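Chemist: Structure in structure tokens, see below.
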Amino acid sequence: MRDRKKTNKEVANSLVMVLQFGINVIVPILLCTIIGTFITSKTGAKGFAIAGILIGIVAAFNGAYRSVKGYLKNEETPGQRARRLEEEALKEKEEAQGENRIRN
């Protein structure tokens, strides 16, 4: 039961991360494109719409990078997890051997 709740929580956290990633990418691109198009329509200059799209793309990737970087900072890599499990198993084995020595 406990493992199922933990799994459900991990799935929910992953879903939130994916949604946040999508929002971090879409919103800056759309806002900068709209602003660039608005400036282009008011001034008549053609470069503002393209500049808005490019600025939006840069902002989107910057936000997505920071979001993913923050999320992955808290996660264990597979190698780190394997080392931690090996250390825990070794400690348990040493404790069991120590208890056997005390009994004998």
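The values are calculated or read from the model by the stated rules, or taken from the named source; none is laboratory data. All values reported here derive from a predicted model rather than from experimental measurement. Backbone-built Cβ (ideal geometry, glycine too); neighbour counts: all protein chains shown.
Chemist: From the list Ile34, Ile39, Ile26, which one is in contact (Cβ under 8 Å) with a residue 12 or more places away in the chain, in contact with a helix residue (DSSP H, G or I) (Cβ under 7 Å, 6 or more places away or on another chain) and part of a helix (DSSP H, G or I)?
Modeler: Numbers: Ile34 fails: in contact with a helix residue (DSSP H, G or I) (Cβ under 7 Å, 6 or more places away or on another chain); Ile26 fails: in contact with a helix residue (DSSP H, G or I) (Cβ under 7 Å, 6 or more places away or on another chain).
Being in contact (Cβ under 8 Å) with a residue 12 or more places away in the chain, in contact with a helix residue (DSSP H, G or I) (Cβ under 7 Å, 6 or more places away or on another chain) and part of a helix (DSSP H, G or I) holds for just one of Ile34, Ile39, Ile26, which is Ile39.
Chemist: While we're here: Quick check on my filter: what residues within the range 1-59 are polar (S, T, N, Q) and out of contact with any Ser or Thr (no Cβ under 7 Å at 6 or more places or on another chain)? Show your work before the answer.
Modeler: Of the residues in the range 1-59, the ones polar (S, T, N, Q) are 7-8, 13-14, 20, 24, 33, 37, 40-41, 43.
If the condition is that a residue be polar (S, T, N, Q) and out of contact with any Ser or Thr (no Cβ under 7 Å at 6 or more places or on another chain), then Thr7, Asn8, Asn13, Ser14, Thr33, Thr37, Thr40, Ser41, Thr43 are the ones that fit.
Chemist: On to the next question. Looking at (1) out of contact with any Phe, Trp or Tyr (no Cβ under 7 Å at 6 or more places or on another chain); (2) assigned to a helix (DSSP H, G or I), which is the only condition Ala64 fails?
Modeler: (1)
Chemist: Now for a different question. Any residue at all in the range 43-62 that's at pLDDT below 80 and hydroxyl-bearing (Ser, Thr, Tyr)?
Modeler: Step one: filter the range 43-62 for residues at pLDDT below 80, giving none.
Taking every residue of the range 43-62 in turn, none turns out to be at pLDDT below 80 and hydroxyl-bearing (Ser, Thr, Tyr).
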